[in-house]
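**Student:** Encoded as structure tokens, here's the structure I'll be asking about.
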Amino acid sequence: MKKQLYRAAAATVLGLSLTTGIVAADSITQTGPDSTNKIHSSVKNTVKVHNDNDVSVGNLNWQDASSGNATEHHNTTGGNATSGNASNSNTTATSVSVDNTGAAGAMGGFGGSGNAAASITNTGPDSTNTVKESTTNSMTVNNDNDVDVWNVNLQGASTGNAKVSDNTTGGNATSGNASNTSSTSTTIVVKN
């Protein structure tokens with residue numbers, strides 16, 4: 001009968017050693033003298049997160065505006081010659097948002113452990129009883145963020161010449177205005 005009890009205890013130990021994850025309630029009871037009884041529970045949680053964010057934004061604006069020449073030439077009485085205005089306007093808005101904070105949610109599964117309710121009771125004299133629990137949590141997060149934003153704005157504006165020449169009575173020759181306007185706004189938000 002003593003051999004049968006040893007075999008029963010050994011079978012119990014083998015069955016537990018093959019269990020992974022969270023262990024249900026384990027107990028060993030009523031073993032004979034000089035028996036060896038072991039309950040081992042091991043939980044290992046491993047999470048590896050690699051975020052590789054490559055964001056590239058390029059804005060290129062090329063504008064050119066010009067008005068014609070205003071000329072009064074070879075008239076008895078000159079009138080009014082007017083060259084129009086030349087202008088450029090550019091508005092650029094770039095918003096980049098990279099959010100990797102969700103990776104932290106991977107830790108939500110951690111905290112699983114062995115069976116704290118494991119018990120060995122009613123074993124015979126000179127028995128060796130061992131309950132061992134181990135929980136290992138490992139998390140590795142690697143964030144590689146490459147954000148490249150470039151804005152190029154090239155503008156040219158010119159008005160024509162205003163000339164009054166060779167008239168008996170000269171009129172008015174007016175050249176228009178030349179102007180450039182550019183507005184650039186860049187917002188970058190990176191959350192890891």
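**Student:** If I filter segment 14-31 for residues that are under 30 Å from THR94 (Cβ atoms), modelled with pLDDT of 85 or more and among the β-branched types (Val, Ile, Thr), do I get at least one hit?
**Tutor:** no
**Student:** I would also like to ask the following. Since ASP146 meets every condition but one in (1) under 30 Å from ALA162 (Cα atoms); (2) at pLDDT 90 or above, which condition does it not meet?
**Tutor:** Against the list (1) under 30 Å from ALA162 (Cα atoms); (2) at pLDDT 90 or above, ASP146 comes up short only on (1).
**Student:** Here are the criteria: (1) of a type outside the set (A, V, I, L, M); (2) under 24 Å from the mean Cα position of the chain (by Cα); (3) not in a strand (DSSP E or B). Tell me which single one GLY160 does not satisfy.
**Tutor:** Going through the list (1) of a type outside the set (A, V, I, L, M); (2) under 24 Å from the mean Cα position of the chain (by Cα); (3) not in a strand (DSSP E or B), GLY160 breaks only (2).
**Student:** Continuing with this model, one more query. I'd like the residue in segment 32-65 that is within 21 Å of the chain's Cα centre (by Cα) and of a type in the set (S, T, N, Q) and, out of all such residues, is nearest to THR121 (Cα to Cα).
**Tutor:** So, considering only residues that are within 21 Å of the chain's Cα centre (by Cα) and of a type in the set (S, T, N, Q), the one nearest to THR121 (Cα to Cα) is ASN51.
**Student:** Is it the case that segment 104-119 has a residue that's loosely packed, with under 13 Cβ neighbours inside 10 Å, in contact with a Lys or Arg (Cβ under 7 Å, 6 or more places away or on another chain) and either modelled with pLDDT under 90 or in a helix (DSSP H, G or I) (or both)?
**Tutor:** No, there is no match, as no residue in segment 104-119 is loosely packed, with under 13 Cβ neighbours inside 10 Å, in contact with a Lys or Arg (Cβ under 7 Å, 6 or more places away or on another chain) and either modelled with pLDDT under 90 or in a helix (DSSP H, G or I) (or both).
**Student:** OK, next. Please count how many residues of segment 57-78 are surrounded by 12 or more Cβ atoms within 10 Å (Cβ to Cβ) and in a loop (DSSP other than H, G, I, E, B).
**Tutor:** 5
**Student:** Suppose we filter segment 165-190 for residues that are outside any strand (DSSP E or B) and hydroxyl-bearing (Ser, Thr, Tyr); how many remain? Explain how you work it out, then say what you get.
**Tutor:** At the first step, the residues of segment 165-190 found to be outside any strand (DSSP E or B) are 166-168, 170-171, 175-177.
Among the residues that remain, those that are also hydroxyl-bearing (Ser, Thr, Tyr) are: 168, 175.
Selection size over segment 165-190: 2.
**Student:** Can you go through SER134, SER97 and tell me which one is modelled with pLDDT of 85 or more, over 30 Å from ASN61 (Cα atoms) and within 44 Å of the chain's Cα centre (by Cα)?
**Tutor:** Sole residue among the options that is modelled with pLDDT of 85 or more, over 30 Å from ASN61 (Cα atoms) and within 44 Å of the chain's Cα centre (by Cα): SER134.
**Student:** Quick one: is VAL47 modelled with pLDDT of 80 or more, surrounded by 15 or more Cβ atoms within 10 Å (Cβ to Cβ), of a type in the set (A, V, I, L, M) and under 30 Å from ASP144 (Cβ atoms)?
**Tutor:** Taking the combined requirement at face value, the residue satisfies it.
**Student:** For segment 24-44, how many residues are surrounded by 15 or more Cβ atoms within 10 Å (Cβ to Cβ) and farther than 25 Å from THR135 by Cβ?
**Tutor:** 3
**Student:** Of the residues that sit in segment 79-94 and are of a type in the set (Ser, Thr, Tyr) and part of a strand (DSSP E or B), which one is farthest from THR181 (Cα to Cα)?
**Tutor:** Checking each candidate, the answer is THR82.
The values are calculated or read from the model by the stated rules, or taken from the named source; none is laboratory data. Since the structure is predicted, the reported quantities are computational estimates derived from the model, not experimental observations. A quick note on method: Cβ atoms are made from the backbone with ideal geometry, for glycine too, and the neighbour counts reach across all protein chains shown.
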